[in-house]
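Structure first, commentary second.
The values are calculated or read from the model by the stated rules, or taken from the named source; none is laboratory data. Everything numeric here is computed off the predicted structure, so don't read it as measured data. Methodologically, a virtual Cβ is constructed for each residue, glycine included, from the backbone with ideal geometry; neighbour enumeration extends over all protein chains shown.
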Amino acid sequence: MSVHNQANLLKRNLFSGVLFGIGLAAFIDETVFHQLLHWHHFYDKSTTALGLVSDGVFHAFSWFATIASLFMFADLRRKSALNFLRWLGGVFLGYGLFQLYDGTVQHKVMRIHQIRYNVDILPYDMIWNAVALASVIIGFRLLSRSRSKSQQNKGNKTNESS
Amino acid sequence: MNHHEHHIHGGLIPFVHLVLGLFLILVIFFYLLAANRSSRKYKKWPIHRTLFWCLGVTCIGASIMGPVGEKAHTEFTWHMGGHLLLGMLAPFLLVLSAPVTLVLHTLPVRMARQLSCFLRRRLTHLVSSPLAASILNIGGLWVLYTTSLYGSMHQSVSLYLLVHVHIFLAGYLYTAAMIYIDPVSNRFSFGHRAAVLILSLAGHGILSKWIYANPPTGVPRAQAELGGMLMYYGGDAIELMIIFILCLQWYKSARPRTSMSVAYKG
């Protein structure tokens with residue numbers, strides 16, 4: 001396995017994680033907030049045309065991302081190239097970034113729908129986006145930890161061989 | 001216009017149903033015959049392919065005849081259910097049953113050659129590319145539901161038939177362009193197919209919400225809302241299966257000859 005290939009596989013850990021995170025966020029949005037709680041609405045009259053397009057594209061993308069990322073995960077395992085910490089970092093990052101985009105641009109600017117109707121929306125918005133932001137921060141922390149860990153491993157290996 | 005009581009269809013409909021019913025039975029019969037012949041000539045034709053074919057043909061029948069087809073004329077929600085069967089589920093099942101492979105197995109050599117020449121023609125390539133197939137499929141739906149076509153379709157039998165034939169053929173072309181079950185001479189990369197699949201799925205979802213908010217001519221709001229949601233979630237369910245097969249095909253093609261750990265040890 002060439003160095004180039006290894007770097008590729010390492011990148012794919014992150015990529016697969018981010019895709020799964022996006023899919024997970026969209027899945028929770030759909031099952032919990034649309035179907036179980038009935039907080040989110042299927043359609044909101046104040047939705048902008050751009051909002052409709054953005055919602056459509058992200059919905060389709062997240063659907064694809066969930067499945068594709070799991071197949072990538074299986075592929076990494078099969079190639080013994082799975083770096084779980086890096087993958088998990090990707091999941092938090094993807095989850096947080098998508099929820100942040102959903103909570104700010106899609107809900108507020110494009111007005112596809114609100115988190116909940118007939119309530120004071122401010123605390124909902126704040127919690128929604130705070131959770132998203134926290135998830136992004138956790139994602140970055142995990143990624144930097146996986147990076148230092150893999151550097152440590154590399155150092156150990158060169159020590160052993162010298 | 002919602003209740004098409006004064007349909008001009010009247011006496012024509014039973015006749016069309018009779019012809020279609022006989023045709024569908026014949027189609028199943030020929031597939032069974034061909035599968036049997038292929039099993040004798042080559043290795044055994046997989047039983048699941050035969051099953052997919054029978055289910056797919058049944059979906060076509062159910063979408064036009066029977067209770068779904070009956071109510072589709074008067075109720076938009078049922079029309080949408082029929083559309084999911086005819087334009088998505090039936091094509092998906094039929095693609096999985098690999099009819100082109102079966103035909104190539106059983107036709108006399110000269111005709112099989114002609115067919116494979118036809119499949120390799122420029123025009124065939126163009127029409128069966130993921131992008132063109134998506135435009136034919138999703139674009140066709142946009143034309144149907146956002147123009148007066150939906151209304152006029154219920155006034156003329158020939159237009160009604162034409163639209164439904166298009167929905168089915170475009171659905172088949174689209175599915176076959178995304179997942180490769182039958183031999184494909186002009187292959188597109190997984191990335192390309194995935195990107196086009198995502199965009200077309202988005203186009204489908206956007207149209208469903210558009211229908212929810214802007215009922216087609218003559219459709220009451222409540223029915224348009226329910227129909228739009230059925231289109232949205234039903235479409236998702238079937239697209240999920242297409243995505244799954246596409247990813248599975250990628251997974252199989254990306255199979256390593258040796259895993260990294262084995263390579264290191266060896």
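From A:V91, A:V131, A:V109, grab the single residue that is surrounded by fewer than 19 Cβ atoms within 10 Å (Cβ to Cβ), β-branched (V, I, T), at pLDDT 85 or above and closer than 25 Å to A:A60 by Cβ. Lay out the reasoning, then the answer.
Details: A:V91 fails: surrounded by fewer than 19 Cβ atoms within 10 Å (Cβ to Cβ); A:V109 fails: at pLDDT 85 or above.
Within the list A:V91, A:V131, A:V109, the selection yields A:V131.
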Is it fair to say A:N156 is more than 19 Å from the chain's Cα centre (by Cα), free of Cβ contacts under 8 Å to residues at least 60 places away in the same chain and outside any helix (DSSP H, G or I)? no
Could you check, for segment B:195-212, whether at least one of its residues is crowded, with 20+ Cβ neighbours inside 10 Å, touching a Phe, Trp or Tyr at 6+ places or on another chain (Cβ under 6 Å), at the interface with chain A (Cβ under 10 Å from one of its Cβ atoms) and over 15 Å from B:M80 (Cα atoms)? yes
Is it the case, given these coordinates, that A:L37 is surrounded by fewer than 22 Cβ atoms within 10 Å (Cβ to Cβ), away from chain B (no Cβ under 13 Å), farther than 22 Å from A:L133 by Cα and of a type outside the set (S, T, Y)? yes
A careful count of residues in segment B:56-82 that are aliphatic (A, V, I, L, M) and under 13 Å from the mean Cα position of the chain (by Cα) gives 2
Restricting segment A:44-96 to residues that are among the basic types (K, R) and not in a helix (DSSP H, G or I), the one farthest from the other protein chains (Cβ to nearest Cβ) turns out to be A:K45
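Considering B:S158, B:S185, which residue is of a type in the set (G, A, S), touching a residue at least 40 places away in the same chain (Cβ under 8 Å), away from chain A (no Cβ under 14 Å) and surrounded by fewer than 20 Cβ atoms within 10 Å (Cβ to Cβ)? Break it down stepwise before answering.
On the way: B:S158 fails: touching a residue at least 40 places away in the same chain (Cβ under 8 Å).
When all the criteria are applied, what remains is B:S185.
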With segment B:78-164 as the region, which helices (runs of 4 or more DSSP H) entirely inside it contain at least 1 residues that are among the small types (G, A, S) and in contact with a Gly (Cβ under 6 Å, 6 or more places away or on another chain)? B:90-96, B:149-153
Are any residues in segment B:217-251 aliphatic (A, V, I, L, M) and part of a loop (DSSP other than H, G, I, E, B), and if so, which ones? B:V219
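Give me a count of the residues in segment B:230-250 that are at the interface with another protein chain (Cβ under 9 Å from one of its Cβ atoms) and either touching a Phe, Trp or Tyr at 6+ places or on another chain (Cβ under 6 Å) or touching a residue at least 24 places away in the same chain (Cβ under 8 Å) (or both).
At the first step, the residues of segment B:230-250 found to be at the interface with another protein chain (Cβ under 9 Å from one of its Cβ atoms) are B:232, B:236, B:239-240, B:243-244, B:246-248, B:250.
Filter again for either touching a Phe, Trp or Tyr at 6+ places or on another chain (Cβ under 6 Å) or touching a residue at least 24 places away in the same chain (Cβ under 8 Å) (or both), leaving B:232, B:236, B:239, B:243, B:246-247, B:250.
The number of residues fulfilling the criteria is 7.
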